[in-house]
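To keep things clear, I will list the structure first and then write my remarks on it.
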Amino acid sequence: ASAFIKLETNANVLAILNVAVALTMDRSNTCSQARVFVGGGTGETPARAGSAEQALVGAVVDAGTIDRAAEAAKSDVDPISDHRASAAYRAEMTRVLVARAIRKALERAG
């Protein structure tokens, strides 16, 4: 299952932050594969959040796992400050949006 979230001020401007998550889950709600990408104000191209992926793979994905993965994703990014958002805001929103995207992907997985 997967999810994509775009944080923007309105639909006609560049994103403040983009997050994409793809998870492969088994029947026991254990994650066998995870891909977490963060882009928009975090570099020229979206980048994988490897620490977040490691926090998910092999784990039963519950609230604690989601929190650990989201916090790890925040550590994986090196956001910029510009006229749309500060680096601190982008870092915190990385944590928030990765958690939301994981939950959304899990909902889609059923």
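Computed from the coordinates by the stated procedures, all read-outs in this text should not be read as laboratory data. What you see is a predicted model; the values in this text were computed from it and never measured. Don't worry about glycine lacking a Cβ; one is built from the backbone with ideal geometry, like all the others, and counts go over all protein chains shown.
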(message) Stokes-Einstein diffusion coefficient for the range 2-109 at 20 °C in a medium of 1.002 mPa s, Rh from the Kirkwood formula over Cα pairs: what value in µm²/s?
(response) 157
(request) Compute the long axis of helix 87-109 from its Cα atoms, compare it with the longest principal axis of the Cα atoms of the chain, and write down the angle in degrees, 0 to 90, nearest 10. (result) 40
(request) Using Cα pairs closer than 8 Å and at least 6 residues apart in sequence, work out the relative contact order for the chain, in percent. (result) 28
(request) Only helical DSSP H runs with n ≥ 4 go in: add -39500 (n - 2.57) per run for the chain, normalise by residue count and round the 222 nm mean residue ellipticity to 500 deg cm²/dmol. (result) -13000 deg cm²/dmol
(request) State the answer as a single residue: which of ALA49, VAL60, ALA109 lies farthest towards the positive end of the charge dipole of the chain, with beta carbon charges of +1 for Lys and Arg and -1 for Asp and Glu, about the Cα centre. (result) ALA109
